[in-house]
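These notes are about the structure you will find just below.
The values are calculated or read from the model by the stated rules, or taken from the named source; none is laboratory data. The shown structure was predicted, so the numbers you read here are calculated from the model rather than taken from an experiment. Every residue, glycine as well, gets a Cβ built from its backbone with ideal geometry; the counts of neighbours run over all protein chains shown.
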Amino acid sequence: MEIILKQDVPNLGYKDDVVNVKNGYAVNYLIPKGYAIMATDVNKKIHEENMRQKSHKLEKVAKDADELAQMLQNITVKIGAKAASTGKIFGSVNNIQIAEAIKAQFNYEVDRKKIIIESDSVKELGSYTAKINLHKDISAVINFEVLAE
């Protein structure tokens, strides 16, 4: 079944994408939750007209995301954590702490939901990397260091 996504759905697509999914997934989950609408001829025409009107705005958003990605490529974020003498930290570092550190140190606003830490969990002092999905096709990889406080 062909559907038009009304918002981003992880592992499926982004807002305003037209995707094919199984009938049960669309009818029982995506459409009742308000994540998608059926891609009928009428809905497709409305969608195409909306996309034409949004194209200018989308170009600006993509340009801003690209500029932010260029700025984020060259930074190293330092995150302080309480640690034992062995180098293990109490708790772990998550995407919320990375977003707050980027805001505090470099004054860049990054949505915490778009930060993906590439290692399983950060439970020791050291250097790590994280991927930030800024836009549909634009992502940045940043380095962050976990330091003892």
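Here is a list of conditions, (1) touching a Lys or Arg at 6+ places or on another chain (Cβ under 8 Å); (2) part of a loop (DSSP other than H, G, I, E, B), and residue 101 meets all of them except one; can you say which number that is?
(2)
With 43, 28 as the choices, which residue is surrounded by 11 or more Cβ atoms within 10 Å (Cβ to Cβ), out of contact with any Ser or Thr (no Cβ under 7 Å at 6 or more places or on another chain), in a helix (DSSP H, G or I) and modelled with pLDDT of 95 or more?
Going through 43, 28 in turn, just one is surrounded by 11 or more Cβ atoms within 10 Å (Cβ to Cβ), out of contact with any Ser or Thr (no Cβ under 7 Å at 6 or more places or on another chain), in a helix (DSSP H, G or I) and modelled with pLDDT of 95 or more: 28.
Take the residues in the stretch 66-96 that are part of a loop (DSSP other than H, G, I, E, B) and in contact (Cβ under 8 Å) with a residue 12 or more places away in the chain; name whichever of them is nearest to residue 138 (Cα to Cα).
In this case the residue turns out to be 75.
Going through 60, 113 one at a time, which residue ends up being over 15 Å from the mean Cα position of the chain (by Cα), of a type outside the set (Val, Ile, Thr) and exposed (fewer than 15 other Cβ atoms within 10 Å of the Cβ)?
60
If you take the residues in the stretch 124-142 that are more than 16 Å from residue 8 (Cα to Cα) and in contact with a Phe, Trp or Tyr (Cβ under 9 Å, 6 or more places away or on another chain), which one is surrounded by the most Cβ atoms within 10 Å (Cβ to Cβ)? Don't jump to the end; show me each part of the working.
At the first step, the residues of the stretch 124-142 found to be more than 16 Å from residue 8 (Cα to Cα) are 124-131, 140-142.
Within this subset, residues satisfying the condition of being in contact with a Phe, Trp or Tyr (Cβ under 9 Å, 6 or more places away or on another chain) are 127-130.
Details: 127: 9, 128: 18, 129: 11, 130: 22.
Ranking the candidates gives 130 first.
Against the definition (within 30 Å of residue 17 (Cα to Cα) and out of contact with any Gly (no Cβ under 8 Å at 6 or more places or on another chain)), how does residue 142 come out, yes or no?
Taking the combined requirement at face value, the residue satisfies it.
One residue is enough: does the stretch 91-98 have a residue meeting the conditions over 19 Å from residue 126 (Cα atoms) and either at pLDDT 90 or above or loosely packed, with under 11 Cβ neighbours inside 10 Å (or both)?
No, every residue in the stretch 91-98 fails to be over 19 Å from residue 126 (Cα atoms) and either at pLDDT 90 or above or loosely packed, with under 11 Cβ neighbours inside 10 Å (or both).
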